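The values are calculated or read from the model by the stated rules, or taken from the named source; none is laboratory data. These numbers come from a predicted model, not from an experiment. Here the Cβ positions follow ideal geometry from the backbone for every residue, glycine too, while neighbour counts run over all protein chains shown.
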């Protein structure tokens, strides 16, 4: 097992990297915003920043995310080693770098699936990032039905993942797009 040492001082970028927590720009069909995602130190699950009710916190900007982390942040991510140091750094004036957010573009990924074109590398990477994030959220919430849609053999979302990773030959794009639309709706329902 890998030993991770998290310091309590340093730049915010250093603290985020040590704790494996990253700002993400979550783009949904009708809204977008910023949250935190990460903390995967055991190879199993990354967590989203949630409120006490378990809903993913979505801020309109990185500066707004700074205040939301301190005021509203709860859930398993806040228990990750190093999170308190990150919260303290934000409270003492450190800010997220403007270009620090990874993009999870669920809106474009759904549009890509409805297209008739091949899935080039950047599109495939976008879809995999979205599917991975959805799987983490389904574990965190938890939602066994959504986990089944993402992981069960023969399910369109699982088949899509397998095709992208070269583990299956084909997936019905219309079925995958419809399943992805359901996934996006579920994510929207779990974001505040």
**Message:** Please determine whether any residue of segment 28-41 is assigned to a loop (DSSP other than H, G, I, E, B), modelled with pLDDT under 85 and not assigned by TED's automatic domain parsing to the domain that holds residue 140.
**Reply:** yes
**Complete:** For segment 42-83, the count of residues that are touching a helix residue (DSSP H, G or I) at 6+ places or on another chain (Cβ under 8 Å), closer than 19 Å to residue 188 by Cβ and assigned to a loop (DSSP other than H, G, I, E, B) equals 5
**Request:** Tell me, please, whether a residue that is in contact (Cβ under 8 Å) with a residue 60 or more places away in the chain, over 16 Å from residue 137 (Cα atoms), surrounded by 16 or more Cβ atoms within 10 Å (Cβ to Cβ) and touching a strand residue (DSSP E or B) at 6+ places or on another chain (Cβ under 9 Å) can be found in segment 84-94.
**Result:** yes
**Asked** Does residue 66 satisfy being closer than 17 Å to residue 133 by Cβ and surrounded by 15 or more Cβ atoms within 10 Å (Cβ to Cβ)?
**Response** no
